[in-house]
Each structure stands twice: as structure tokens, then as C-alpha cells.
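Peer 1: The structure is given below, and queries will be raised subsequently.
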Amino acid sequence: MNPTTEIFGDCMVVHAPQDLGREQADRFENWLRTVERVQMVLDIDNVEQIDSAGLTALVNVQEQLRALGGDLKISVASAVNRKIMEITRLDQQLEVFDSVIDAVKSFR
């Protein structure tokens, strides 16, 4: 797995794949664990399918990054994906932003 990434100072922006179902979520989480940055923004705008395994992967990665002194923040402008974050109440555990820029700026 090789998602598109961008670097802004100490922050890495990762553009999530279209599918974060069980099989892909495990691979994606394992890939994220190999990244050497601890300040990460995950852009989930283009995610078309996300299930409980995908949502669990987000929480697991956040916990790992926080243990290393960093954090995971979510960027989502998609109304559907934002609603998923709200319904599952993950928007109360993960900081959710309307844009990648706002999420990156929040690390400063």
C-alpha cells in the first residue's frame, strides 16, 4: 500500500484510500505505523467505504501517535464521511477539520 502523502514542516498529510474495509484497514494501519512522522493529518474525503475496522484503525493510529508525542487529525469536507464521524462519535475523540490546511495549521 502506498497512499499519496504530502509533507508540511513536521506534519504529514496522508490521503486515505477509497476503501477502508477490514482487509484494507489492516494494511493501511500497518503502513501508517511505519511512517516516521508523529504529527499526521488523514484526509478521508475520497473514502467511499469505511466500516468498523477502518474506524478502529483510525483510533489505533491516534493512540500510537499520541504515545510517541504526536497526534492524528482528520480532514473531511465530504458530508457523508463527516456524518459517519458524528454518528460513531469519533468526532469527539479525533479532531475533525473541514480542510487539510486547517488541520495542518492546528499543529502549530
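What follows draws every value from the coordinates through simple rules; no lab data is involved. Here the structure is a predicted model, which is why all the values come from computation and not from measurement. Positions of Cβ are generated from backbone atoms using ideal geometry, with glycine treated the same way; all protein chains shown enter the neighbour counts.
Peer 1: Kindly indicate whether any position in the stretch 23-34 is in contact with a Phe, Trp or Tyr (Cβ under 9 Å, 6 or more places away or on another chain) and either of a type outside the set (Phe, Trp, Tyr) or in a strand (DSSP E or B) (or both).
Peer 2: Step one: filter the stretch 23-34 for residues in contact with a Phe, Trp or Tyr (Cβ under 9 Å, 6 or more places away or on another chain), giving none.
Looking through the stretch 23-34, none of the residues is in contact with a Phe, Trp or Tyr (Cβ under 9 Å, 6 or more places away or on another chain) and either of a type outside the set (Phe, Trp, Tyr) or in a strand (DSSP E or B) (or both).
Peer 1: Among the listed residues Val41, Val35, Val47, which satisfies the condition of being surrounded by fewer than 17 Cβ atoms within 10 Å (Cβ to Cβ) and in contact (Cβ under 8 Å) with a residue 12 or more places away in the chain? If you could, list the steps in order and put the result at the bottom.
Peer 2: Details: Val41 fails: surrounded by fewer than 17 Cβ atoms within 10 Å (Cβ to Cβ); Val47 fails: surrounded by fewer than 17 Cβ atoms within 10 Å (Cβ to Cβ).
Just a single option satisfies the conditions, and that option is Val35.
Peer 1: Ok, one more. Looking only at the stretch 60-79, how many residues end up being in a helix (DSSP H, G or I), under 18 Å from Asp10 (Cα atoms) and over 9 Å from the mean Cα position of the chain (by Cα)? I'd like the intermediate steps shown before the answer.
Peer 2: First, the residues of the stretch 60-79 that are in a helix (DSSP H, G or I): 60-67, 79.
Keeping just the survivors that are under 18 Å from Asp10 (Cα atoms) gives 61-62, 64-67.
Cutting the leftovers down to over 9 Å from the mean Cα position of the chain (by Cα) gives us 64-67.
Residues flagged as in a helix (DSSP H, G or I), under 18 Å from Asp10 (Cα atoms) and over 9 Å from the mean Cα position of the chain (by Cα) within the stretch 60-79 amount to 4.
Peer 1: When you check Ala57 against the structure, is it part of a helix (DSSP H, G or I) and closer than 12 Å to Leu72 by Cβ, yes or no?
Peer 2: Values: part of a helix (DSSP H, G or I): yes; closer than 12 Å to Leu72 by Cβ: yes.
When the stated conditions are applied, Ala57 passes them.
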